[in-house]
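First comes the structure, then the notes that go with it.
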Amino acid sequence: MPASRPIEVRFWEKVKRGLSTECWLWVGGHSAKSYGKISLGTTTLRAHRVAYILQKGPIPEGKQIDHLCRNRLCVNANHMEVVDNRQNVLRGIG
């Protein structure tokens with residue numbers, strides 16, 4: 001069986017990038033709540049969290065990623081901020 005390609009390679013193949021100020025859209029699979037998703041072995045990860053890790057580094061334990069642009073399919077880490085659950089809920093729409 002051939003070795004799996006690195007997640008970084010598979011990830012960026014599923015992103016439509018634009019300028020650093022624009023949303024970079026995830027064009028791979030997504031959840032029912034419209035968050036992008038990517039598989040790592042038997043685990044499914046949210047694409048925006050993978051994007052943040054690849055571009056900015058680790059996400060602190062217990063923290064969430066807030067899409068400042070409000071586009072759940074955006075994987076541009078310049079549009080994301082690490083927040084706690086309370087901040088994320090208060091900033092949420094609805």
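The values are calculated or read from the model by the stated rules, or taken from the named source; none is laboratory data. Fair warning: this is a prediction, and the values are worked out from it, not measured in the lab. FYI the Cβ positions are ideal-geometry reconstructions off the backbone, even for glycines, and counts take in every protein chain you see. Side chains are part of the model used for accessible areas, which takes the heavy atoms of the whole protein and leaves out ligands, DNA and RNA. Shrake-Rupley method; radii C 1.70, N 1.55, O 1.52, S 1.80 Å.
Thr43 meets the conditions (1) farther than 24 Å from Ile93 by Cβ; (2) of a type in the set (Val, Ile, Thr); (3) surrounded by 11 or more Cβ atoms within 10 Å (Cβ to Cβ) in every case but one. The failed one is (3). Filter segment 1-55 down to the residues that are closer than 19 Å to Asn78 by Cα, part of a strand (DSSP E or B) and in contact (Cβ under 8 Å) with a residue 12 or more places away in the chain and list them by number. Val15, Leu25, Trp26, Gly36, Arg46, listed by residue number. Once segment 65-74 is narrowed to residues that are out of contact with any Lys or Arg (no Cβ under 9 Å at 6 or more places or on another chain) and touching a residue at least 24 places away in the same chain (Cβ under 8 Å), the residue that is surrounded by the fewest Cβ atoms within 10 Å (Cβ to Cβ) is Cys69. Applying the criterion of being basic (Lys, Arg) and open to solvent by less than 90 Å² (accessible area, probe 1.4 Å) to the residues of segment 1-36, the residue that is farthest from Leu68 (Cα to Cα) is Arg10. Count of segment 46-64 residues, restricted to those that are surrounded by fewer than 19 Cβ atoms within 10 Å (Cβ to Cβ) and either closer than 14 Å to Phe11 by Cα or touching a Ser or Thr at 6+ places or on another chain (Cβ under 8 Å) (or both), is 4.
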